[in-house]
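The values are calculated or read from the model by the stated rules, or taken from the named source; none is laboratory data. All values reported here derive from a predicted model rather than from experimental measurement. For accessibility, only protein heavy atoms count, side chains too; no ligands or nucleic acids. Shrake-Rupley method; radii C 1.70, N 1.55, O 1.52, S 1.80 Å.
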Amino acid sequence: MRDSARWQGALRAAPGVIRADLRPGRRDPLPRHRLLGRLAHGHVVLFCVLMGIWEQNHYESFMQPATAAVSLLVVVQSAAPVLALSRPAAALWVSTAALALTASLTSSVFGGARPWSVPAIALHTLVLLLLSLRVRPTAAVAALGISLLTGIGGVVPHPVPGLVTLPQGAVAFAAATVIGGSLRAARVSRTRLVEQEELTAEERARRALLEERGRIARELHDVVAHHMSVISIQAQVAPHLVADPSPELRENLAGIRQNAVDALTELRRVLGVLRGDGAAGDTAAGVRHAPQPTLERLGELLANVRAAGLDVTAESHGEPRPLSPGTELSAYRIVQEALSNAVRHAPGARAAVRTHYHRGGLTVRITNSAPARPPGPAPAGPGGEPGHGLLGMRERTAMLGGELAAGPTPEGGWEVTATLPAPLDPKDGP
């Protein structure tokens, strides 16, 4: 049923396709060959010149001499494939008209048995090939039918002792149409495949972005939930720390605790669903319920990296101070991902982690030297945390309103610098 409907739709669309693709004014230049460039176009011109000389000599030998009209038609026929390089539909009509007129003018010489000469067949075959490369199959088949009807019309009005060149021309024209259509179909398939690969790459990048954002959201959920729980507990305990709390104090603390509980419930309702898309192994390992790391655990991370075979050093500048949980977590994850990339892509290299506390916030710089040997199969990163490389780093930095710069170093290594804003409170010092 579906095949029948498809064929009916194709038949209904055929007249429109033929009109659009075989319109004489339609311009469709033949693109350059990716290897030969314009050399293929030059070969077409050379072939046309040779076939034109052959065709002119052919008629000269039989007509002694050939009339001016026949010579003009030979020139037109030879120019048709050159025209097909830019306007294939117009070239089809020019070549077809030249075939018909030449057969009519030379029918008295050949007795109707040879409507086409061999060089004329070769030239028109080239026109059909160039046309089939650039029009839809329906239009290519229509062009083949027009060409065959022209040959039949050239011999039917005359006695037909044996159609000498008509079958030869029909075979050549059909072969050119099939070959051109096949090449066009292969080119269209390659183009669609490239487009699909681009769409797949975009979809993969979008999915990776969503996964990384989901991971960041889960981590922030843990951080915020922890602090909201602390607020709720402190508000509940506070009345017991006062000898004789007033009713107003009890009421305010109860309101604080209730607001914290309500906010925590709403937070879990909105963001808690993100835990459902984690890996099954995370639950078994207790990863999803472990406290989120901060820069205080940077030493553990560096120890894991050294155990993985990377020589890494750490430096700290400025006066360390407490930062917001989101900033601490993002800084830790950026260092972790950068070192993971160094382990994967720069075996045998030396790495350095530098943290700089300043009035505007925190700057983290991770560098590694050129790899000592080619990278092998990608090992697991330190801490076993999955990630998406620079994508995750940029997401974390942009979330905090910071800046990230990453790229190769002149020595052949790699460098990642992240600046995370965390302005210093004026009451904390000058």
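Once amide H atoms are placed 1.01 Å from N in the peptide plane, what residues at a sequence separation of 5 or more from residue 422, or on another chain, have their amide H within under 5 Å of its amide H?
Sorted by chain and number, the residues that satisfy this are 361, 362.
What residues qualify as long-range amide H neighbours of residue 314, i.e. H under 5 Å apart, gap of 5 or more or another chain, H built at 1.01 Å from N?
Distant-sequence amide H within range of residue 314: 353.
Taking H placed 1.01 Å from N in the peptide plane, check which residues at least 5 places from residue 358 or on another chain put their amide H under 5 Å from its amide H.
Answer set, sorted by chain and number: 363.
Residue by residue through region 46-62, what is 3J(HN,Hα) from phi via Karplus (6.51 cos²θ - 1.76 cosθ + 1.60, θ = phi - 60°)? Round to whole Hz and write x for glycine and proline.
4, 4, 5, 5, 5, 5, x, 4, 4, 5, 5, 5, 4, 6, 4, 5, 9
On a full-extension model of 0.36 nm per residue, what is the gain between residue 49 and residue 32, subtracting their alpha-carbon distance, rounded to one decimal in nm? Working shown, then result.
Details: separation 17, 0.36 × 17 = 6.12 nm, distance 2.10 nm.
So the chain would gain 4.0 nm between residue 49 and residue 32.
Given 0.36 nm per residue, what is the gain on full extension from residue 23 to residue 324 after removing their alpha carbon distance, in nm?
Details: separation 301, 0.36 × 301 = 108.36 nm, distance 6.93 nm.
So the chain would gain 101.4 nm between residue 23 and residue 324.
Could you please put 310, 390 in sequence from largest to smallest accessible area, using a 1.4 Å probe? Intermediate values should be presented prior to the final figure.
On the way: 310 5, 390 55 Å².
Descending accessible area places them as 390, 310.
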